[in-house]
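Novice: I'd like to ask you about the structure that follows.
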Amino acid sequence: MEFAENQILYLPIENLNLITKYGEEDDKFIKLDKMGSVHWQRRKAEAKDRIKDIAKQLIKVAAKRLTVKSFPINIDQVTYDQFSSSFPYIETEDQLKACEDVKSDFLKDVPSDRLIIGDVAAGKTELILRATFLVAKSSIQSVVLVPTTILSRQHYNNFAQRLTPFGIKVGELSRFVSTKDRNKTISLIKNGQVDILIGTHAILNDKIVFKKLGLICLD
C-alpha cells in the first residue's frame, strides 16, 4: 500500500479483506497521507460528522412530514374506471396491486412516498398516468420529472392523448419547447391552468411557481 512521499506498507495477503476502495474519484484527485499522520483519522471523523448531520436533517424532515396535512384526493371510482378502461392493454396483477397501493396513499392525510420498480415495458407509466389523473380531478397539480428530452416528449404526447378527453391539461418543459411556448406554459402553471407538467430538469427552475402542487413523480 502506497502512502505519501513514496512510503510503502506491505500487508499480509490473508488481510486483503481489510482493503476497500477509497471512492469513485479519479486517482489524480486523491491526496495521500503520510504513514502515521493524523490527517486521515481527521478526515474520517469529519465525514462521520457530516453523515450524522445528514441523518439529523432526514429525521427532522420525516418528523415534519408526520405533522403536516396532505391535500385531500377525491377518488371518483366511476370516472377513474372510465379513464382506466382507455388503457389499450390488459393490466397485470402487479399493476393492479400497485394502483390500489397508490390510491391508499392518496386516502391518507399525511404526505406519502412510494417506490415502484419494474422492468422496461412493465407498465410503470400507466401507474403515473392514473395517479396524476386522480390528482388532477381533485384540482391539484402534478409534476412528472424524466431524465431525457426524448422521454419527455414521448410522455407529453402520451399523457395529452389519454388525459385531454377528460378535461385535464398537460404541459411540457424541455429543450424541445420554444422560448415562447415555455413562457406561456410557466404562466399557465402559475394560474393553475396546467394540471400536469412533464419535463426534464428544466422544470426544477426556481422561476416556475405552481398554484397547488401536490404530486411529484420521478420516472
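Novice: What about residue 44, is it under 27 Å from the mean Cα position of the chain (by Cα), at negative phi, part of a helix (DSSP H, G or I) and not hydrophobic (A, V, I, L, M, F, W, C)?
Specialist: Details: under 27 Å from the mean Cα position of the chain (by Cα): no; at negative phi: yes; part of a helix (DSSP H, G or I): yes; not hydrophobic (A, V, I, L, M, F, W, C): yes.
Criteria not met by residue 44.
Novice: Now a separate question. Scan segment 130-145 and tell me whether some residue there is at pLDDT 95 or above, in contact with a His (Cβ under 7 Å, 6 or more places away or on another chain) and under 19 Å from residue 200 (Cα atoms).
Specialist: Yes, segment 130-145 contains a residue that is at pLDDT 95 or above, in contact with a His (Cβ under 7 Å, 6 or more places away or on another chain) and under 19 Å from residue 200 (Cα atoms).
Novice: With touching a Phe, Trp or Tyr at 6+ places or on another chain (Cβ under 6 Å) and either at pLDDT 90 or above or assigned to a loop (DSSP other than H, G, I, E, B) (or both) as the only criterion, which of 32, 11, 58 stands out?
Specialist: Working: 11 fails: touching a Phe, Trp or Tyr at 6+ places or on another chain (Cβ under 6 Å); 58 fails: touching a Phe, Trp or Tyr at 6+ places or on another chain (Cβ under 6 Å).
When all the criteria are applied, what remains is 32.
Novice: What helices (runs of 4 or more DSSP H), lying completely within segment 75-180, carry at least 1 residues that are basic (Lys, Arg) and open to solvent by less than 90 Å² (accessible area, probe 1.4 Å)? Full working, then the answer.
Specialist: Details: elements: 77-84, 93-106, 124-136, 149-163.
Output list reads 93-106, 124-136, 149-163.
Novice: Of the residues that sit in segment 181-204 and are closer than 19 Å to residue 149 by Cβ and without any contact (Cβ under 8 Å) to a residue 24 or more places away in the chain, which one is most open to solvent (accessible area, probe 1.4 Å)? Let's see the steps before the verdict.
Specialist: Of all residues in segment 181-204, those closer than 19 Å to residue 149 by Cβ come to 181-186, 189, 194, 196-204.
Narrowing the set further to residues that are without any contact (Cβ under 8 Å) to a residue 24 or more places away in the chain leaves 181-186.
Numbers: 181: 79, 182: 61, 183: 91, 184: 128, 185: 20, 186: 32 Å².
The residue in question is 184.
Novice: On the given criteria, is residue 216 touching a residue at least 40 places away in the same chain (Cβ under 8 Å), surrounded by fewer than 20 Cβ atoms within 10 Å (Cβ to Cβ) and either closer than 30 Å to residue 89 by Cβ or among the basic types (Lys, Arg) (or both)?
Specialist: Considered against the rule, which asks whether it is touching a residue at least 40 places away in the same chain (Cβ under 8 Å), surrounded by fewer than 20 Cβ atoms within 10 Å (Cβ to Cβ) and either closer than 30 Å to residue 89 by Cβ or among the basic types (Lys, Arg) (or both), residue 216 comes out as yes.
Novice: Please tell me if residue 3 is surrounded by 10 or more Cβ atoms within 10 Å (Cβ to Cβ), more than 30 Å from residue 121 (Cβ to Cβ), touching a strand residue (DSSP E or B) at 6+ places or on another chain (Cβ under 7 Å) and not acidic (Asp, Glu).
Specialist: Taking the combined requirement at face value, the residue does not satisfy it.
Novice: Let me ask you something else. Tell me which residues, restricted to segment 187-201, are farther than 26 Å from residue 84 by Cα and touching a Lys or Arg at 6+ places or on another chain (Cβ under 7 Å).
Specialist: Hits for segment 187-201 are 190, 191.
The values are calculated or read from the model by the stated rules, or taken from the named source; none is laboratory data. Computed from a predicted model, the values in this text were never measured in an experiment. FYI the Cβ positions are ideal-geometry reconstructions off the backbone, even for glycines, and counts take in every protein chain you see. Surface accessibility is based on the protein's heavy atoms, side chains included, excluding ligands, DNA and RNA. Shrake-Rupley method; radii C 1.70, N 1.55, O 1.52, S 1.80 Å.
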